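Below is one structure, written out as structure tokens; the observations come after it.
The values are calculated or read from the model by the stated rules, or taken from the named source; none is laboratory data. What you see is a predicted model; the values in this text were computed from it and never measured. Here the Cβ positions follow ideal geometry from the backbone for every residue, glycine too, while neighbour counts run over all protein chains shown.
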Amino acid sequence: MPFARISELPNHVGQSVTVRGWVTHLRSSGKIAFIVMRDGTGVLQSVLVKSQVTPETWERFGTLTQEACIAVTGEVKVDARQPGGHELGLTELTVIGASPLDYPIQPKEHGVDYLLDNRHFWLRSPRQVAIARVRNEIEQAIHDFFYGRGFLRVDTPILTAAIGERSGLFSTEYFEEGNAYLAQTGQLYGEAAAAAFGKIYTFGPTFRAEKSKTRRHLTEFWMIEPEVAFNDSDDNMQLQEDMLLFIVTRVLERCRAELKELERDVTKLEGVKGPFPRIDYTDAVEILKKKGSAVQWGDDLGAEDEALLVEGHATPVFIKNYPKEAKAFYMKENPADPRTVLCDDCLAPEGYGEIIGGSQREDDLDKILHRLREEKLPEPAYDWYLALRKYGTFPHAGFGLGLERTVAWICGTPHIRECIAFPRMMHRLKP
RNA sequence: UGGGGUGUAGCUCAAUCGGCAGAGCGCCGCACUGUUAAUGCGGAUGUUGGUGGUUCGAGUCCACCCGCCCCAGCCA
């Protein structure tokens with residue numbers, strides 16, 4: 001008997017096939033019974049009629065439990081009542097792996113904390129499968145976008161000497177070299193690679209030992225960091241916009257079923273079109289003051305301020321050219337207003353907040369040295385990075401896209417912890 | 001690290017003024033030939049997060065401790 005995946009059943013109507021998967025629901029009415037199962041490609045209901053199967057098969061149905069792994073054999077029939085449009089008239093039933101009665105997840109509401117304790121099982125639920133598929137599509141879209149534009153993917157190290165940004169570092173012993181730190185960014189390596197390959201991007205995990213406990217933070221998250229030689233800050237924002245539009249278009253094209261499962265309002269995503277507004281920080285402060293914010297020029301913008309700025313926009317919004325003091329040392333001074341640097345934050349609509357931080361990099365050796373000293377950063381750790389400004393320095397710009405934040409926005413999930421298979425948070429290292 | 005919540009059955013939650021510890025789901029049994037988280041009837045299920053205090057009596061009031069959630073900050 002040929003094996004089939006549930007998604008392939010339309011090609012087997014009228015034929016007898018065997019489908020393997022896991023029981024999600026069992027229903028019985030005395031002489032007729034139903035098995036609903038999942039195989040990762042779809043959902044299938046099999047029907048058993050007592051008078052049409054062997055007594056052994058009927059008895060075996062009685063032993064089934066939720067999440068038992070089974071193989072069902074029978075004829076594929078078209079049935080408009082079924083979500084997938086097909087049904088199996090069962091003739092044979094085999095138990096591949098039994099499942100005891102105390103399976104922790106029931107077909108009902110559970111609290112998030114409980115579900116995260118059981119994340120290894122929660123992954124099996126339709127909503128979680130849909131999120132994982134959208135994430136996968138976004139990842140593939142990003143690779144396709146950069147590949148199509150001639151970018152080289154560079155895999156940067158995860159174990160590093162103390163280098164990167166200022167926030168918390170995870171450390172571990174590293175042979176005779178003292179401590180190694182888990183990478184918080186691949187950017188500095190990306191800059192080195194940009195001078196070798198022109199246009200590059202990194203795609204990998206990053207680690208932040210910040211004691212953040214919000215729906216927007218993970219201690220381990222995936223970041224995409226392009227770095228482009230000869231791009232300025234405006235080119236940089238255009239690249240961000242093009243990439244986000246590419247991602248949204250791709251998900252709308254290929255993930256309709258998943259978005260429906262997630263009950264995502266797709267009109268919100270369909271309304272995402274270029275160009276995205278580019279608001280100067282200085283103008284943003286004036287807008288915020290008019291809206292009643294207490295923000296003063298020089299302050300970094302808080303989450304509440306960011307929400308006010310995105311309010312009323314259907315697309316992501318760029319806020320650019322922040323005051324120097326609010327941003328990292330490597331950002332290039334703005335020649336038009338040296339109090340500020342050439343950078344941007346990209347704020348997603350619908351309250352999802354910052355999904356990208358980017359900047360043109362400081363390419364002047366004296367200026368970057370000055371900023372490094374102002375920030376009291378350990379100069380020797382940056383020797384190779386500074387040398388990039390000594391030997392053939394070049395204008396360049398790049399950004400970091402937070403993958404889980406992007407997935408959360410596109411899926412419309414309330415918390416980014418659902419947007420990665422096994423989230424790492426302050427109080428969660430297991431499973 | 002600050003502010004606000006919350007903790008009761010396997011899960012989701014209720015318990016009025018301090019007065020017998022409850023319901024739904026799930027589970028077990030029975031019935032049912034088209035169910036969609038099937039339905040109907042019956043049944044079992046507790047260290048009320050912990051320690052101490054007030055009281056004739058504490059899930060409820062008080063003190064301390066612990067866990068978690070949300071918000072802020074940090075950032076993607």
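Can you name every residue in the range A:88-105 that is touching a residue at least 12 places away in the same chain (Cβ under 8 Å) and over 13 Å from residue A:22 (Cβ atoms)? Talk me through it step by step, then tell me what you get.
So in the range A:88-105, the residues touching a residue at least 12 places away in the same chain (Cβ under 8 Å) come out as A:88-101, A:103-105.
Once the filter is applied, which keeps residues that are touching a residue at least 12 places away in the same chain (Cβ under 8 Å) and over 13 Å from residue A:22 (Cβ atoms), the range A:88-105 yields A:88, A:89, A:90, A:91, A:92, A:93, A:94, A:100, A:101, A:104.
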Evaluate the range A:101-112: report whether one residue or more is more than 8 Å from RNA strand B (Cβ to nearest atom) and touching a strand residue (DSSP E or B) at 6+ places or on another chain (Cβ under 9 Å).
no
Given the conditions (1) surrounded by fewer than 20 Cβ atoms within 10 Å (Cβ to Cβ); (2) aliphatic (A, V, I, L, M); (3) in contact with a helix residue (DSSP H, G or I) (Cβ under 7 Å, 6 or more places away or on another chain), which single one is not true for residue A:158?
(3)
Criterion: assigned by TED's automatic domain parsing to the domain that holds residue A:240 and in a helix (DSSP H, G or I) - qualifying residue of A:287, A:279:
A:287
The number of residues in the range A:42-60 that are more than 9 Å from RNA strand B (Cβ to nearest atom) and either out of contact with any helix residue (DSSP H, G or I) (no Cβ under 9 Å at 6 or more places or on another chain) or closer than 18 Å to residue A:1 by Cβ (or both) is 10
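Yes or no, residue by residue, for (1) within 16 Å of RNA strand B (Cβ to nearest atom); (2) in contact (Cβ under 8 Å) with a residue 24 or more places away in the chain; (3) outside the structural domain of residue A:393 (by TED's automatic domain parsing):
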position: A:253; (1), (2), (3): no, no, no
position: A:259; (1), (2), (3): no, yes, no
position: A:307; (1), (2), (3): yes, yes, no
position: A:313; (1), (2), (3): no, yes, no
position: A:341; (1), (2), (3): yes, no, no
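Residues A:265, A:280, A:232: which one is of a type outside the set (Phe, Trp, Tyr), touching a residue at least 60 places away in the same chain (Cβ under 8 Å) and within 26 Å of residue A:338 (Cα to Cα)? Give the steps one after another, and end with the answer.
On the way: A:265 fails: within 26 Å of residue A:338 (Cα to Cα); A:280 fails: touching a residue at least 60 places away in the same chain (Cβ under 8 Å).
One residue alone meets the criteria, A:232.
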First in the range A:117-137 and under 12 Å from residue A:423 (Cα atoms), second anywhere and modelled with pLDDT of 90 or more and surrounded by fewer than 17 Cβ atoms within 10 Å (Cβ to Cβ), Cβ under 7 Å, 6 or more apart
A:119/A:422; A:123/A:421
Residue check for residue A:358: outside any helix (DSSP H, G or I), within 11 Å of RNA strand B (Cβ to nearest atom), more than 16 Å from the chain's Cα centre (by Cα) and surrounded by fewer than 14 Cβ atoms within 10 Å (Cβ to Cβ)
no
Residue check, residue A:288 farther than 19 Å from residue A:396 by Cβ and more than 29 Å from the chain's Cα centre (by Cα):
yes
Given (1) touching a Ser or Thr at 6+ places or on another chain (Cβ under 6 Å); (2) of a type outside the set (A, V, I, L, M, F, W, C); (3) surrounded by 20 or more Cβ atoms within 10 Å (Cβ to Cβ), index of the condition residue A:281 fails:
(1)
Just one of the numbered conditions (1) surrounded by 20 or more Cβ atoms within 10 Å (Cβ to Cβ); (2) touching an Asp or Glu at 6+ places or on another chain (Cβ under 8 Å); (3) not in a loop (DSSP other than H, G, I, E, B) is not true of residue A:185; which one?
(3)
Pairs only if they're at least six apart or on different chains, beta carbon under 9 angstrom, first in the range A:363-388 and assigned by TED's automatic domain parsing to the domain that holds residue A:193 and surrounded by 12 or more Cβ atoms within 10 Å (Cβ to Cβ), second among the β-branched types (Val, Ile, Thr) and assigned to a helix (DSSP H, G or I); list them, first residue then second.
A:382/A:368; A:385/A:368; A:386/A:368
Out of A:117, A:144, A:79, I need the residue that is within 13 Å of RNA strand B (Cβ to nearest atom), surrounded by fewer than 17 Cβ atoms within 10 Å (Cβ to Cβ) and under 23 Å from the mean Cα position of the chain (by Cα). Which one?
A:117
